[in-house]
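Worksheet: the structure to be examined is printed underneath.
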Amino acid sequence: MKLIINQKLIDRNKKISMALFISSLAVLGLGAYLAWPGQANIQRTIYSWIALLIGFILTRASIFFMARYGQTPRYDEILGESFSKLRSEYTYFVYSSPVPMLLLGPCRIWLPILVTSGGTISYLDGKWKHTGTGAFKRFMGQETPVEPEREVAEATTQLQKQFEQQGIPVEQRPEIQPVLVILLKNTVIGEVKEAPFPVVSITELKRFIRKMDREKCAEPFSAEETEKITQALTAGKLK
């Protein structure tokens, strides 16, 4: 597998996540100080609530950045571990294309939609269901019920726009294959037989991709086509 990674963006956002975390602690501490018993008055109480609100917003932002850029392993590293033993005809893009992570294979683009919270994922009566996530973690932004169709639509639009800007005709654009990837062991895959795209655990992801590309790959990309797609995907994304 080949890897194209925007390390500068990752390093920059890692610093941002740490700065947001420190700032949130400082602002929350100020809010607590202003509300200290025995010293509170109306003006201090108002300032305290403002500081606590700002601190809460900063905390949610820091959690968002920390989960994606500051933790070890990062989400892209977890995916990369799964992809690491794929053949050289695969290219893994990490923050180097219009979407955070994607895999270019011999016949198609694989678009991973990550499920990073617990609970049960199902597709019933034409709708995705994500139940059993923790209420407090949802409130703090640590667990976000997945919205696959919205994420797929947004990512597909971004990719098609990039291809259009790079002059790739519609008939030459690769198929985009979304796949819902379960990262946590405690996330349960429920009834998904009628789902519009596959739902796969991280441990089965590599095997699933290999199988599908082996069985449903009538006309693999030539080396020239792969290079053209790669250049189109990364154009303007590695600054």
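The values are calculated or read from the model by the stated rules, or taken from the named source; none is laboratory data. Quantities reported herein were computed from a predicted structural model and do not represent experimental measurements. Using ideal geometry, Cβ is built from the backbone for each residue, glycine included, and neighbour counts are taken over all protein chains shown.
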Breaking point among (1) in the same structural domain as Ile202 (by TED's automatic domain parsing); (2) modelled with pLDDT under 90, for Met101: (2)
Tell me whether the stretch 140-147 contains one or more residues that are β-branched (Val, Ile, Thr), within 30 Å of Thr234 (Cβ to Cβ) and modelled with pLDDT under 85. yes
On the basis of being hydroxyl-bearing (Ser, Thr, Tyr), modelled with pLDDT under 90 and either under 16 Å from the mean Cα position of the chain (by Cα) or assigned to a loop (DSSP other than H, G, I, E, B) (or both), does Tyr47 make the cut? no
Just the residues that are more than 22 Å from Asp76 (Cα to Cα) and either assigned by TED's automatic domain parsing to the domain that holds Ser96 or of a type in the set (Val, Ile, Thr) (or both), please, taken from the stretch 1-45. Ile22, Val27, Ile42, Thr45
Every residue in the stretch 208-219 that is in contact (Cβ under 8 Å) with a residue 60 or more places away in the chain and touching a Pro at 6+ places or on another chain (Cβ under 8 Å), please. Asp213, Cys217
Give me a count of the residues in the stretch 71-113 that are assigned to a strand (DSSP E or B) and under 11 Å from the mean Cα position of the chain (by Cα). 6
So which residues in the stretch 6-44 are at pLDDT 90 or above and aromatic (Phe, Trp, Tyr), if there are any at all? Phe21
Quick one: what pairs do we get from the stretch 220-239, first residue surrounded by 12 or more Cβ atoms within 10 Å (Cβ to Cβ), second assigned to a helix (DSSP H, G or I), C-beta under 6 Å, 6+ apart or different chains? Ala232/Phe163
How many residues of the stretch 186-228 are assigned to a loop (DSSP other than H, G, I, E, B) and either more than 19 Å from Gly105 (Cα to Cα) or acidic (Asp, Glu) (or both)? The answer is 10
Matching residues in the stretch 145-185 - criterion: being surrounded by 13 or more Cβ atoms within 10 Å (Cβ to Cβ), of a type in the set (A, V, I, L, M, F, W, C) and in a helix (DSSP H, G or I): Val152, Ala155, Leu159, Phe163
Within 13 Å of the chain's Cα centre (by Cα), modelled with pLDDT of 90 or more and not aliphatic (A, V, I, L, M) - does that describe any residue in the stretch 116-135? no
Closer than 20 Å to Val181 by Cα, surrounded by 13 or more Cβ atoms within 10 Å (Cβ to Cβ) and in contact with a Phe, Trp or Tyr (Cβ under 8 Å, 6 or more places away or on another chain): which single residue out of Arg68, Arg108 fits that description? Arg68
